[in-house]
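The values are calculated or read from the model by the stated rules, or taken from the named source; none is laboratory data. Bear in mind that the values here come from a model prediction, so they are computed numbers and not experimental data. Counting neighbours? That spans all protein chains shown, and the Cβs are built from the backbone with ideal geometry, glycine included.
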Amino acid sequence: MILLDTDHVNVLQDQQTSEYATLMRNISASLDQDLVTSVVSFEEQMRGWLALINRHADVAQQVYPYDRLNTLVQFFCQWTLLPFDDAAASQFKLLRGQKIRIGSMDLKIASIALERNLLVLSANLRDFQQVPNLRVEDWIH
């Protein structure tokens, strides 16, 4: 099973990019075709669209971000979303105790992956490689 970080999920949502083609080639070549993402990635993307909706007092300017939010929900309905559960929360606390300096959302994704011994696909290798025993690769660059 392979866990996609938010940046790789973003690429899958825009099929017009060269990164999409690269990612799809790498996925096709992989022996492991069981791709999942996490509720954390869903949260990150959802928060972005909700923030844009809330930035506009004029409801006419909210139409586009609401449309994108709807598209986001439809996209994620097609995916298995791994939860941030008690085991991941415990792993998160252990990693925080080790003073690993990466963002909380990335650390939550790493915690989910470590608890399940998953490979993480992320373009943010600099941060994720700081997490001990985490397997991480970038399939879009």
Filter the stretch 2-19 for residues that are free of Cβ contacts under 8 Å to residues at least 40 places away in the same chain and over 16 Å from CYS77 (Cα atoms); the one that is surrounded by the fewest Cβ atoms within 10 Å (Cβ to Cβ) is GLN16
Residues of the stretch 115-131 being out of contact with any strand residue (DSSP E or B) (no Cβ under 9 Å at 6 or more places or on another chain) and without any contact (Cβ under 8 Å) to a residue 24 or more places away in the chain, in sequence order, are ARG126
The condition of being farther than 16 Å from ASN10 by Cβ, small (Gly, Ala, Ser) and in a helix (DSSP H, G or I) holds, among ALA113, ALA57, only for ALA113
Going through the stretch 38-61 in order, the residues found to be surrounded by 13 or more Cβ atoms within 10 Å (Cβ to Cβ), more than 15 Å from LEU3 (Cβ to Cβ) and among the β-branched types (Val, Ile, Thr) are ILE53
Before we move on, is SER41 among the hydroxyl-bearing types (Ser, Thr, Tyr), modelled with pLDDT of 95 or more, more than 22 Å from ILE140 (Cα to Cα) and part of a helix (DSSP H, G or I)? no
In the set ASP67, ASP106, ASP7, the lone residue that is in contact with an Asp or Glu (Cβ under 6 Å, 6 or more places away or on another chain), in a helix (DSSP H, G or I), among the charged types (D, E, K, R) and on the phi < 0 side of the Ramachandran plot is ASP106
Within the stretch 131-141, the count of residues that are buried (at least 18 other Cβ atoms within 10 Å of the Cβ) and either among the basic types (Lys, Arg) or farther than 16 Å from LEU35 by Cβ (or both) comes to 2
Please indicate, with yes or no, whether at least one residue in the stretch 107-115 is surrounded by fewer than 16 Cβ atoms within 10 Å (Cβ to Cβ) and either farther than 13 Å from LEU4 by Cβ or not charged (D, E, K, R) (or both).
no
